[in-house]
Amino acid sequence: MTDITVTLDITANPAVTCTPKKLSVNRGNQEIKWKPGGNETFTFKALTGLPDPPFSLLDITSDEITVQDNDTGPGTYGYTVEVVSDANGNTYSTSSSTLGDPVPCIKNN
């Protein structure tokens, strides 16, 4: 199992960040989880951009996202995470309006 920490800062661009930004994983079947960092006050809404295959069994709950990665070859896959702020009810994502900002990705080795 591999975890990615998700944080929300509504004053930042992008408002949602993932750590690590580029997750490198070895070949084979494994579960990847996105979890809130620290005392985050949001609920997960969506994860988009990961193709099936090699990613499958996407499961989104209010406090966690999981997906199976069964990579059989190398590749880099960008994705977008959307969350809903508990404070104001607005949706925020890892997408950025600043040109050139990298999106988070999973790099299958």
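The values are calculated or read from the model by the stated rules, or taken from the named source; none is laboratory data. Since the model is a prediction, treat every value here as computed from it, not as a measurement. In this analysis, Cβ positions are derived from the backbone assuming ideal geometry, glycine residues included, and neighbour counts consider all displayed protein chains.
Kindly indicate whether any position in the range 94-104 is loosely packed, with under 15 Cβ neighbours inside 10 Å and over 19 Å from N13 (Cβ atoms).
no
Sort out which residues of the range 1-34 are modelled with pLDDT of 90 or more, surrounded by 14 or more Cβ atoms within 10 Å (Cβ to Cβ) and over 20 Å from S95 (Cβ atoms), and write them in order of number.
D3, V25, Q30, K33
Can you name the number of the only condition in (1) within 10 Å of the chain's Cα centre (by Cα); (2) closer than 16 Å to K21 by Cα; (3) modelled with pLDDT of 90 or more that V103 fails?
For V103, the failing item is (3).
Restricting to the range 49-65, name every residue that is in contact (Cβ under 8 Å) with a residue 12 or more places away in the chain and over 14 Å from C18 (Cα atoms).
Once the filter is applied, which keeps residues that are in contact (Cβ under 8 Å) with a residue 12 or more places away in the chain and over 14 Å from C18 (Cα atoms), the range 49-65 yields G49, L50, P51, P53, P54, F55, S56, I60, T61, S62, D63.
When you go through D52, D71 one by one, which is the residue that is surrounded by 15 or more Cβ atoms within 10 Å (Cβ to Cβ) and either within 28 Å of N109 (Cα to Cα) or not acidic (D, E) (or both)?
Answer to the selection: D71.
Would you pick out the residues in the range 77-93 that are at pLDDT below 95 and surrounded by fewer than 11 Cβ atoms within 10 Å (Cβ to Cβ)?
Across the range 77-93, the qualifying residue is only A87.
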